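Encoded as structure tokens, the structure appears first; notes follow it.
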Amino acid sequence: MVRVVSDSISVSTQGGDDMIDLTPQLEAAIRRSELRNGTVTVFVSGSTAGISTIEFEPGLRRDLPEAFERVAPRGARYHHDDTWHDGNGHSHVRATLLGPSLTVPFSGGRLLLGTWQQVVLVDFDNRPRNRSIALQMIGE
């Protein structure tokens, strides 16, 4: 019988492209759900953070922010900043490019990630934040 189970994760970030590995918390949520097979959708509330997968290692933890700096640099003119004067226009653009959610399959109660693949939150804001990540698991 297919069931839907909702859960959430809360994390504190430093902002400024802070990257947090959510994989252990996702695995714990799947165990709590008692679902064995299905999918989990991971969604960050807010418009200055995103969710993705990456090999969570020091080199890529530097490479990804550097890539975003080339695409949506800090210090460039953003109309958002002209409107709100909060200096985080680049954060909104970066978060939009990365996206707020990801769906990952699981089987036997385990995420079906690659050997070197982790699910991460990237907080692009220009200040520390408390982030709420919604989880919705669908399965049996």
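Please treat every number below as a calculation from the coordinates, not as lab data. Treat the numbers as computed from the prediction; the structure is a model and nothing was measured. Reconstructed Cβ throughout: ideal geometry from the backbone, glycine too, with neighbour counts over all protein chains shown.
Worth pointing out:
- Residues M137, M19 in ascending order of nearby Cβ atoms (within 10 Å, fewest first): M19, M137.
- Fewest-first ranking of V11, V4, using other Cβ atoms within 10 Å as the exposure measure: V4, V11
- Sum of side-chain charges, V44 neighbourhood, beta-carbon under 15 Å (Lys, Arg +1; Asp, Glu -1): -3
- Expressed in Å, the radius of gyration and Dmax of the Cα atoms of the chain are 16.1, 53.
- The chain, helix-only ellipticity at 222 nm - DSSP H runs n ≥ 4, -39,500 (n - 2.57), divided by all residues, nearest 500: -8500 deg cm²/dmol
- For segment 1-100, trypsin sites (Lys or Arg not before Pro) are listed when DSSP marks them as loop and at most 13 other Cβ atoms sit within 10 Å of their Cβ; the list is R36, R77.
- Crossing angle, helix 89-98 versus the chain [Cα axis fit, 0-90 degrees, rounded to tens]: 30 degrees
- Amide H contacts of D18 (H built 1.01 Å from N, under 5 Å, at least 5 apart or other chain): D123
- Sorted ascending by nearby beta carbons within 10 Å, beginning with the fewest, I133, I9 become I9, I133.
- Modelled FRET efficiency - R0 25 Å, R31 with W116, Cβ distances, 0.05 increments: 0.65
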